[in-house]
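Here is the structure we will look at, set down as structure tokens.
The values are calculated or read from the model by the stated rules, or taken from the named source; none is laboratory data. Nothing here was measured: the structure is a model prediction, and the numbers come from that model. So basically every Cβ, Gly included, is an ideal-geometry build from the backbone, and we count neighbours across all protein chains shown. With ligands, DNA and RNA removed, areas are computed over all heavy atoms of the protein, side chains included. Shrake-Rupley method; radii C 1.70, N 1.55, O 1.52, S 1.80 Å.
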Amino acid sequence: MSIPLDRRTLLRATGVAVGAAGLTALPATATSGEVFQHGLASGDPLPTTVLLWTRVTPTPASLPGSGVGPSVDVQWQVAADRAFTRVVAGGTVATGPDRDHTVKVDATGLSPATTYYFRFRLNEAVSDVGTTKTAPAAEANVQHLRFGVVSCANWQAGHFAAYRHLAERGDLDLVVHLGDYLYEYGPGEFPVGYAVRPHVPPREALTLSDYRQRHAQYKTDPNLRALHAAAPWTITWDDHESANDAWSGGAGNHDPATEGDWASRRAAARRAYFEWMPVRNTGDRLYRKLRFGKLAELSMLDLRSHRSKQVKILSGEADDPNRSIAGAEQLSWLIDGLVSSTARWKLVGTR
Ligand SMILES: [Fe+2]
């Protein structure tokens, strides 16, 4: 579906000048489906701000992980109605091969607890329309919230029907994804011996290009795309976004002798993650809090980046008081938050 944007409306809404060059950077032949192959998403809703995400494929060669393709200006719009007759925010954001042509922008100046519609445009190509919702104001007397909670979606093991069911509900304030959004394995490695559909690239993900391609593959799943388009998400990672049984200094499924040093692999996995996921970049820190009026506060944890190496449960090592899963800094942040929060429900996002 192609919905023409009114350029004057866009400029009026943004106050940002869009130069003619930005509108002609693409071959006119690129269709919306070709340009917006990976859907769109929103995330980390605040009372007046929500993060918007997409990825553009401006030329056929600009494939995920390729490092190839032009830098382009992508336009975005937020409206109060699905037909975009009441545009409330918009602008232009640059992207290019340095960030794998992913686009992230915070839409600000919105109203709390409000449903909005958003879309992107690159020249003549217009994305589908996504639905998102801001969080209630911090002191609002919220009576009711409904979250969808998901984790552990292995492309090779199934077709993500749970995402489809959640996308069809239409009544979610938020989707909370608790990690293992993707798996690093090569075809046939997990589940062992069979795969309902094989991973791309057809090998265990190790490099930045590998992780970018794997993220891109997951975002071609129609059910995953539908759920991203239906509601804002807040997401944390578990181990498989880098490698199985990841800890601060390595991973069970990482062999430095044959796969290089862990720090480089983890940096590649994290970079691809922050490019491809609708999470707000707060340095390299993934743990964060979201508040939903007086009713709930959600602390999303990162239990992989700072944790000790796994040991056998019944070994004496497990009792070492110096061992940690959260790391000292995150643990005090969590405890301080739980103690001081005035929210009725103090939710912790982990698994
Ligand atoms: Fe998992």
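Taking residues in the range 146-163 that are more than 14 Å from the ligand (Cβ to nearest atom), and partners anywhere that are open to solvent by 50 Å² or more (accessible area, probe 1.4 Å), the pairs with Cβ atoms closer than 6 Å and at least 6 places apart or on different chains are ARG146/ASP171. Residues being out of contact with any Leu (no Cβ under 6 Å at 6 or more places or on another chain), under 21 Å from GLU329 (Cβ atoms) and not in a helix (DSSP H, G or I) are represented in the range 263-279 by at least one member.
Looking for something surrounded by 11 or more Cβ atoms within 10 Å (Cβ to Cβ) and over 17 Å from the mean Cα position of the chain (by Cα) - is there at least one such residue anywhere in the range 312-319?
Just the residues of the range 312-319 that are surrounded by 11 or more Cβ atoms within 10 Å (Cβ to Cβ), to begin with: 317-318.
Now narrow it down to the ones that are over 17 Å from the mean Cα position of the chain (by Cα): 317-318.
So far as the range 312-319 goes, yes, one or more of its residues are surrounded by 11 or more Cβ atoms within 10 Å (Cβ to Cβ) and over 17 Å from the mean Cα position of the chain (by Cα).
Looking at the range 59-88, which of its residues are under 22 Å from the mean Cα position of the chain (by Cα), open to solvent by less than 30 Å² (accessible area, probe 1.4 Å) and either outside the structural domain of GLY39 (by TED's automatic domain parsing) or closer than 26 Å to TYR116 by Cβ (or both)? The answer is VAL72, VAL74, GLN75, TRP76, GLN77, VAL78, ALA79.
Residue check: is SER209 among the polar types (S, T, N, Q), within 15 Å of the ligand (Cβ to nearest atom) and under 19 Å from the mean Cα position of the chain (by Cα)? Can you show your working first?
On the way: among the polar types (S, T, N, Q): yes; within 15 Å of the ligand (Cβ to nearest atom): no; under 19 Å from the mean Cα position of the chain (by Cα): yes.
In short, no.
Residues of the range 335-351 that are more than 16 Å from the ligand (Cβ to nearest atom) and closer than 26 Å to ASP239 by Cβ: ILE335, GLY337, LEU338, LYS346, LEU347, VAL348.
Can you find even one residue in the range 60-73 that is under 24 Å from ARG169 (Cα atoms) and among the polar types (S, T, N, Q)? Scanning the range 60-73, I find no residue that is under 24 Å from ARG169 (Cα atoms) and among the polar types (S, T, N, Q), so the answer is no.
Listed conditions (1) over 27 Å from ARG265 (Cα atoms); (2) part of a strand (DSSP E or B); (3) away from the ligand (no atom under 16 Å from the Cβ) are all met by VAL105, apart from (1). Quick one: would you say PRO187 is open to solvent by less than 20 Å² (accessible area, probe 1.4 Å), in a loop (DSSP other than H, G, I, E, B) and away from the ligand (no atom under 16 Å from the Cβ)? Here the answer is no, as PRO187 does not meet what is asked. Taken over the range 224-254, the criterion of being assigned to a loop (DSSP other than H, G, I, E, B) and within 16 Å of the ligand (Cβ to nearest atom) is satisfied by THR236, TRP237, ASP238, ASP239, HIS240, GLU241, SER242, ALA243, ASN244, ASP245, GLY252, ASN253.
On the basis of being over 18 Å from ALA30 (Cβ atoms), open to solvent by less than 30 Å² (accessible area, probe 1.4 Å) and out of contact with any Cys (no Cβ under 9 Å at 6 or more places or on another chain), does GLY130 make the cut? If you could, list the steps in order and put the result at the bottom.
On the way: over 18 Å from ALA30 (Cβ atoms): yes; open to solvent by less than 30 Å² (accessible area, probe 1.4 Å): yes; out of contact with any Cys (no Cβ under 9 Å at 6 or more places or on another chain): yes.
Here the answer is yes, as GLY130 does meet what is asked.
Out of TYR163, TYR181, I need the residue that is among the aromatic types (Phe, Trp, Tyr) and in a loop (DSSP other than H, G, I, E, B). Which one?
Numbers: TYR163 fails: in a loop (DSSP other than H, G, I, E, B).
None of the other options fit; the residue is TYR181.
The listed residues are VAL200, VAL176, and the only one of them that is closer than 19 Å to GLN37 by Cβ and at pLDDT 95 or above turns out to be VAL200. I'm trying to understand the selection: among the residues of the range 332-351, which are in a helix (DSSP H, G or I) and surrounded by 15 or more Cβ atoms within 10 Å (Cβ to Cβ)? Those that are in a helix (DSSP H, G or I) and surrounded by 15 or more Cβ atoms within 10 Å (Cβ to Cβ): TRP333, LEU334, GLY337.
When VAL129, VAL176, VAL142 are checked against the criterion of being of a type in the set (Val, Ile, Thr), in contact with a strand residue (DSSP E or B) (Cβ under 7 Å, 6 or more places away or on another chain) and within 16 Å of the ligand (Cβ to nearest atom), a single residue qualifies: VAL176.
Residues in the range 101-127 that are surrounded by fewer than 21 Cβ atoms within 10 Å (Cβ to Cβ) and among the charged types (D, E, K, R) were compared, and the one that is farthest from VAL279 (Cα to Cα) is GLU124. Scan the range 117-127 and tell me whether some residue there is in a strand (DSSP E or B) and of a type in the set (Gly, Ala, Ser). Among the residues of the range 117-127, at least one is in a strand (DSSP E or B) and of a type in the set (Gly, Ala, Ser), which makes the answer yes. Can you work out which of the residues in the range 280-297 that are of a type in the set (A, V, I, L, M, F, W, C) and part of a loop (DSSP other than H, G, I, E, B) is nearest to the chain's Cα centre (by Cα)? Checking each candidate, the answer is LEU286.
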